[in-house]
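Asker: Dropping a structure here in structure tokens format, bear with me for questions.
The values are calculated or read from the model by the stated rules, or taken from the named source; none is laboratory data. On a predicted model such as this, the values are computed, not experimentally measured, just so you know. For neighbour counting, all protein chains shown are included, and Cβ atoms are generated from backbone atoms with ideal geometry for every residue, glycine included. Heavy atoms of the whole protein, side chains included, go into the accessibility calculation; ligands, DNA and RNA do not. Shrake-Rupley method; radii C 1.70, N 1.55, O 1.52, S 1.80 Å.
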Amino acid sequence: MATTQPVTDWKKEWFEIEDAAYLNTAAFAPMPRVSLRAVQASLEAKTFPHHVGDSAFFEVPNRLRASIASLIGSNPEEIALTTGASTGLAAVAHGLTWKPDDEIITAKGEFPVQYATWKPLEEREGVKLKIVAPRDRFITADDLIAAMTPRTRAISVSHVRFDDGSLLDASRVAAACHAQGAMLVLDASQSCGAVPVDVNELGADFLVCAGYKWLLGPWGTGFIWFKREQLDTLRPGPFYWLAQGKDSFSALNYVDPTPSRSADRWDAAEASTYFNFNLAAMDASVDFVLRVGPGFVLEHNRRLIELLFVRLPKDCVPASPLDSAQRGPFGCFTAPTLEKTTELYKKLRKENVVVSMREGRIRVSPHLFNSDQDIDRLVGVVTA
């Protein structure tokens, strides 16, 4: 698992954003300096490819797989490298065998990837997508478990919600799923890298994640983790020709290739090689996240969000769980009306306080390059 190494000033690990208070990691994270250096090295290798041996095609993705496995408490053989959460979720949807009237549960207001993945299966496979609304303010494990029926085959939801930052008790949902032979498909895009994640404790069957948020990688990166028992249950399909479980070009079968029995059989074609600049950056970024430690990021962010909530003017209210134990690495707030919230968001962006507006809430998502001064600047704009 990830461990924290002391650094005097983590902010120096990024290029300074001088013209803005950037509080938008949940949308798109700035890459640390080490990741840019990795991209530059990859560009150099592409410029002078004779300087790089063939082994790089295999060593770099395998090293990244090992880093991700260390981050989430799994084995490298259970990790496939993807271009984002969408490709990971699609691999699950198309790999599983479905029966008519199988039920898939997700939550109301979920990130659109849930609907874009599962809705087409209603027509293709005859399954039913059930969308569950929360009984209270935020979706909970109880809401999802209460919605289960004997036909429920899978629950597919986010570990941390993109629109309110609420943190799901995934282990309870997983236990309920497994009690009746169903599966939990978990999107960790808003948690992995900034919340300690252990797949054994979570109990999920599949975990997908985008790389460009809390993993600090570029757009077009991500991974999917498969529970070992699920790998052999997936239907065969097209696979990346390099994904044969070999460690050199000479060992590959060019005439009758057979896919790897490990998760790399589901690697995104062409995206999982060293000469893909994105992969080089992702390799460096995940290694950096491991050095920092997700728990350290979470502690830092929760302190800043607590500071924000305390300093908000009375006409603005938190729109995320107040209990930090029920909240991920960011927080949201609203003004009295949607119209005023929208006006406030535009005002913040005009003053170069970079936040997001999601589902009528202003989302504030800091990282280690942020400090109390950034929260002060935000509050100053809000109260002006």
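Asker: Give the percent of DSSP beta bridges with both residues in the chain that are antiparallel, rounded to the nearest 5.
Answerer: Taking every DSSP beta bridge within the chain, about 50 percent pair in antiparallel fashion.
Asker: Roughly how big is the chain's charge dipole about its Cα centre, with Cβ charges of +1 (Lys, Arg) and -1 (Asp, Glu), in debye to the nearest 20?
Answerer: Using Cβ point charges on Lys, Arg, Asp and Glu, the chain gives about 620 debye.
Asker: Still on this structure, I have one more. On a C-alpha basis, how far is the centre of the range 223-293 from the centre of the range 345-384 in Å? Whole number, if you could?
Answerer: Centre-to-centre (Cα) distance: 38 Å.
Asker: So, taking all protein chains as they sit and a 1.4 Å probe, how much accessible area belongs to Met357, in Å² rounded to tens?
Answerer: For Met357, solvent-accessible area is about 40 Å².
Asker: Further, regarding this structure: With +1 on each Lys and Arg Cβ and -1 on each Asp and Glu Cβ, how big is the dipole of the range 152-308 about its Cα centre, in debye rounded to the nearest 20?
Answerer: 140
Asker: Lys/Arg Cβ at +1, Asp/Glu Cβ at -1, dipole of the chain taken about the Cα centre: which of Phe58, Pro318, Ile104 is farthest positive-ward?
Answerer: Comparing the listed Cα positions along the dipole, Pro318 ranks first.
Asker: For the range 148-203, what relative contact order do you get, as a whole percent, if you take Cα pairs closer than 8 Å and at least 6 residues apart?
Answerer: 43
Asker: Going Cα to Cα from Lys108, which lysines come in below 20 Å? Please leave out same-chain ones fewer than 8 positions away.
Answerer: Lys119, Lys128, Lys130
Asker: If you don't mind, another one. Explain nothing, just the number: relative contact order of the chain, from Cα pairs under 8 Å at least 6 residues apart, as a whole percent.
Answerer: 26
Asker: Further, regarding this structure: Using +1 at the C-beta of Lys and Arg and -1 at the C-beta of Asp and Glu, which of Ser285, Ala20, Gly211 has the Cα lying farthest in the positive direction of the dipole of the chain?
Answerer: Of the listed residues, the answer is Ala20.
Asker: Taking a 1.4 Å probe, which of Thr87, Thr149 shows the most accessible area, and what order do the others take after it?
Answerer: Putting Thr87, Thr149 in descending order of accessible area: Thr87, Thr149.
Asker: Just how large is the dipole of the range 267-384 about the Cα centre, in debye to the nearest 20, putting +1 at every Lys and Arg Cβ and -1 at every Asp and Glu Cβ?
Answerer: 520
Asker: A follow-up question, please. Please give the length that would be gained between Asp101 and Asn200 if that part of the chain were fully extended, namely 0.36 nm times their separation in residues minus their C-alpha to C-alpha distance (nm, one decimal).
Answerer: Fully extending the segment from Asp101 to Asn200 adds 32.7 nm.
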